[in-house]
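One structure is given here, and the rest of the page talks about it.
The values are calculated or read from the model by the stated rules, or taken from the named source; none is laboratory data. As the structure is a computational prediction, the values presented were derived from the model and not from experiment. Please note: Cβ atoms are built from the backbone with ideal geometry, for glycine as well, and neighbour counts cover all protein chains shown. We work out accessible area using only protein heavy atoms, side chains counted, and drop any ligands, DNA or RNA first. Shrake-Rupley method; radii C 1.70, N 1.55, O 1.52, S 1.80 Å.
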Amino acid sequence: MYGIRHISSQLIPSQNKAASILSSSIGSSAASAYVGGIGLRRRSGELSRLLKMNCVMRSDVDFITNLPNNIIDNILGCLPLRDVVRTSILSREWRYKWASCPEIVFDFWFDQMFLGGHKLEPLVYQILKFHQGPLLRFALQVPDLKSSPDIDQWIHLLPNNTVQDLTLHVSRGETHKLTPCLFTFQHLRNLKLYNCLFDPPPGFKGFSKLENLQLQNVDLVPESFIKFIALCPALEKLRMIHCTSFDSLEITGPNLKSLEFHGILKFISFANCPVLSDVKLTFSSMDFKRGNGFSLDLVKSLSCLPALEDLHLQAYALEDLVEHGAPNPLPVSLTTLKNLHLSDMYFEKIDEASCAICFIRSSPNLQRLNITAFTFDVVDSVADFLRSQQSSESLSQLKTVKMQLFSGIEAEMEFVKYLLASATALEELAITPHASSIADGGESILNELKQYPRASPSAEIISWEKIRR
């Protein structure tokens, strides 16, 4: 059996070339540093196990080489590409195993620790050209990756009948127009795209196995994208960040469980989403919504989700509810909602405070409430409005409240006082003080809050900062 330092001279030229390209572009250091990287964060223990192989191979019985191929593939899938290719020098039996690694990941850690000043293009090409066997995962997310024809060439080299997980992160230059070849990968389960143009070709039948779709800074054709989503019946998670603006976005997903959207849309609706339980909607601009009934339409759409339990909204998305009787309960309710996070809450605006109370009152089974304040000025009229609110029986299920970036201004204090007077089952109210606004770490605020009447005798008022310590 060959020693650990012996480089086999019997590698076929093409594979030896690929191995030498990678090995020459990488130093012998930083294996341990890579353990903390993206590629090994879940199974880093396998790296140390393989690095001990030298000791094992000196014994009479080669335990590692005699392992089943699927276990060896799993071990290789945990290693950075440098170490995968360098296993070819371990022994004759290991000479070609690197070429069948089921996962190929070019990421930040690869670039920082291994690539150095060498060019990425020939390395990616050689690795893909000489890969053997099924490839399950391919990720291309090195820093400063520019749109180029090379990307399409690499995608064409991928086996479209085995790849299940594909990540393409174009971080510089023009938006990359995806090759139609990508839409032939019918075994995809996870697809992550950044700074790409996503427009399925005519006749595309969808990804029947796709479970997770994450798009960021992706140009979409709205009509085509809505049809595309409907053609992915197995989709469970959809994430859209800073993508194309939508006049109207209809989400269809019989298996969709989680939706996250950050961008601009004028109207959203849901069709056949029976298990959608987690929704996060934040907006990069709300200028378009004024006077068009956006807020009530949004609440009506959300109320049609039979499994909705977790919801994150920016508070100002609800401002228009004042036109429909806020702070009184709405004509529709979110009966299944259990966890609500209202972010960017402007406590200097009466409309926002009124609509927040309206929305909470329209969620009769709410158990956990998280409010992230975004307050600059003190407006006395807001505190007066909140002071005038009567306690509500609709908060009878509320158990925990968390107030983040809490400044202790009068409007915030009156809002908390309203919650304490209404939540008969409240167990805990946690305050995270705004560090730049509060000098004593929130102690004086906590002491004042503890003097407020509480509808729940078991309610505790605590500092979240102390819990984290």
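Things to note:
- In the context of the full set of protein chains, region 298-451 has a per residue accessible area of 39 Å² (1.4 Å probe).
- Largest first and in whole Å, the equivalent-ellipsoid semi-axes of region 162-241 read 18, 14, 13, each the square root of five times a Cα gyration tensor eigenvalue.
- For region 157-209, the solvent-accessible area with a 1.4 angstrom probe is 46 square angstrom per residue.
- At R0 = 51 Å, FRET efficiency that the Cβ-Cβ distance of residue 396 and residue 224 yields, to 0.05: 0.65
- A DSSP coil position with no more than 10 other Cβ atoms inside 10 Å describes the following trypsin sites (Lys or Arg not before Pro) in region 172-210: 205.
- Structure note, pairs 177/237; 119/237; 257/349: Cα-Cα distances above 30 angstrom occur for 119/237; 257/349.
- Approximate spin-label separation residue 410-residue 132, in nm, with each point projected 7 Å along Cα-to-Cβ: 7.9 nm
- Close amide H partners of residue 372, meaning residues 5 or more places away or on another chain with modelled amide H under 5 Å apart, are 342, 343, 344, 345, 404.
- Split the accessible area of region 236-395 by element, probe 1.4 Å, and carbon with sulfur accounts for 46%.
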